[in-house]
Amino acid sequence: MEKTDWKRIGWLTAATLVLGAIIGACAGLLTLLLYGVEYVMLGFIESEFIPGAFTVPAVRRIASVTLGLGVAGVIWYLLRTKTEKVPSVKKAVNGGRMPFWQTIVHVVLQIFIVGSGASIGREVAPRELGAMLAQRFCDIFHIGDGEGDAHGVLDRRMVVAVAAGAGLGGVYNAPLAGMFFAVEILLVDVTLEKVAFGLGMSATAAFVATAIKGEHMFYDIGAMQMNSTPSLMLFALLCGTACGVVGALFRKGSQWAESHKPTGRSLMWQMPIAGLVTGLVSIVVPQVMGNGRAAAQLGFSAFIPETADISGAAQSAASAAASPWTFLAGSDGAPGSVVNAGTPLELNRLWMLLGVLALTFVAKALVTLMTIRSGASGGVLQPGIALGSTLGTMLGLLWLFVFPVDSVTACALIGAAALLSASQQAPLMAMCLVMELTEAPIEFFVPVGMAVAASAFVSSGLLHRLG
């Protein structure tokens, strides 16, 4: 009979509860830091009521993002050329050492630029912080620090990966996505122990983070029908195929931008220029700023009243008031503008809606890639959701002419998960993250799963061809 390894059970328990709680606290504090930066730099705090910097004067938007990326450019230049470099999370999982104070500065800078309006995701920051804390945890328990300790090295790798996933789960209150990020992307090894360990630590982190930052609705999908339909399954298959192609191209684009970042002094002028361009674009497309929440909500908030009686969708007064379409209606937010989605779908209005969505899609994709290319560090999870939501909405508006029984918001939900699946090459993580962030009814796992499957299949084949 194999002897029970009580020491291993002990540190696994400690990692799940203690390390998970510390990572959750850090994730909650990083969220509060984001809100603080937004308030100081832009004069607003993102929420379900104001998903983006729509009410911020254009001059302040330009000044904020330019200054934010300018300051970050100088500090990142010093950090990357004068001190020990911070490795990626994947390198950390494979043994790369994450320096303590450099990692903290690196993490804070990512939150700072997103809060100032830079078009890039903020989810890498809590993952890096989680990985760094996990390495210190392993040092304390002497996990994988002895020569010839093959099992210890594997355990250390697992702890670092799971802790990084817990950072994601904590900051977005998405424990399933955090667990799948660890086992599907970092470890690429799904075992019962890793799943249980990952889910336990991510759940702990999410619980603690929520206690600190509060529980808030991240994406409002109140304008969606409550039941899936056979036609929605067909849409999921077609939309998933389209998102597979677009998501694969976005993945290649982000990889190109990452590999062509400046490494010398040019970092200090390329980043503020990227900020200036972002600010100028935001004059016309304010939803381009930030990590993608505003752009994604544009798709999720699309609501066509004349199809509501058929689809069963409804939009509350609170949801309509917080909709990006309402903010885009004018400086006073008055309803009735040609870009307001809450009006009957006439042909001329259809083209206007498609135009706004297409402009948002192109601007968000290009500005995000430009921000990465300029030297900024950050993620592409939320930008991927934004691109998928807007693309799904565009396809959904056309779909409604044939199948008005479906709602545009349901199409946006499907598109968001499908494109994220393709861009991350992680269908399980993508599906769970979008479902957790939107708190969608569980029965929509079926059409979302269909779209994610189609997207994963198409994108993997395309990426293999592209090399």
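The values are calculated or read from the model by the stated rules, or taken from the named source; none is laboratory data. Everything quoted here is computed from the prediction, not taken from an experiment. Reconstructed Cβ throughout: ideal geometry from the backbone, glycine too, with neighbour counts over all protein chains shown. Heads up: the accessible areas ignore ligands, DNA and RNA and are worked out on the full protein's heavy atoms, side chains in. Shrake-Rupley method; radii C 1.70, N 1.55, O 1.52, S 1.80 Å.
Figures for the structure shown
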read-out: Electrostatic dipole magnitude of the stretch 16-158 [Cβ: Lys, Arg +1; Asp, Glu -1; Cα centre; debye, to 20]; value: 440
read-out: Amide hydrogen neighbours beyond the local backbone of GLY379, cut-off 5 Å, H modeled; value: GLY121, ARG122, GLU123, VAL124
read-out: HIS216, HIS106, HIS464, ranked by accessible area, largest first (probe 1.4 Å); value: HIS464, HIS216, HIS106
read-out: Between helix 427-438 and the chain: long-axis angle, C-alpha atoms, 0 to 90°, nearest 10; value: 60
read-out: Within the chain: Cβ-based charge dipole about Cα centre, in debye rounded to nearest 20 (Lys, Arg +1; Asp, Glu -1); value: 1520
read-out: Vicinal HN-Hα couplings computed from phi for the stretch 408-421 (Karplus, 6.51 cos²θ - 1.76 cosθ + 1.60; Hz; Gly/Pro x); value: 5, 4, 4, 5, 5, 4, 5, x, 4, 5, 5, 5, 5, 4
read-out: J(HN,Hα) series, the stretch 22-33, from Karplus relation 6.51 cos²θ - 1.76 cosθ + 1.60, nearest Hz, glycine and proline x; value: 5, 5, x, 4, 5, 5, x, 5, 5, 5, 5, 4
read-out: About the Cα centre, charge dipole magnitude for the stretch 85-240 (Lys/Arg +1, Asp/Glu -1 at Cβ), debye; value: 360
read-out: Within the accessible area of the chain (1.4 Å probe), percent carbon and sulfur; value: 69
read-out: Backbone N within the stretch 1-32 under 15 Å of label point (7 Å from HIS151 Cα along the Cβ vector); value: 1-12
read-out: Solvent-accessible surface ranking, highest first, for MET224, MET431 at 1.4 angstrom; value: MET431, MET224
read-out: Acute angle (nearest 10 degrees) that the helix 124-140 long axis makes with the longest principal axis of the chain, alpha-carbon atoms; value: 20
read-out: FRET E, pair MET352, ASP139, Förster distance 56 Å, beta-carbon r, rounded to 0.05; value: 0.45
read-out: At most 10 other Cβ within 10 Å, DSSP loop - GluC sites (Glu not before Pro), the stretch 161-222; value: GLU215
read-out: Cleavage-rule hits (GluC sites (Glu not before Pro)) in the stretch 365-453: DSSP loop, at most 16 neighbouring Cβ within 10 angstrom; value: GLU439
read-out: Distance (nanometres) between label positions extended 7 Å along Cα→Cβ at LEU398 and ARG60; value: 4.0
read-out: Heavy-atom SASA rank of LYS261, LYS82, LYS90, LYS364 (probe 1.4 Å, accessible area, largest first); value: LYS82, LYS90, LYS261, LYS364
read-out: Loop GluC sites (Glu not before Pro), the stretch 109-171, which have at most 11 other Cβ atoms in a 10 Å radius of their Cβ (DSSP); value: GLU147
read-out: Whether the stretch 15-111 is rounded, prolate or oblate, judged on the alpha carbon gyration tensor where a/c under 1.5 counts as rounded; value: oblate
read-out: Å² of accessible area per residue within the chain, as computed with a 1.4 Å probe and no ligands counted; value: 39
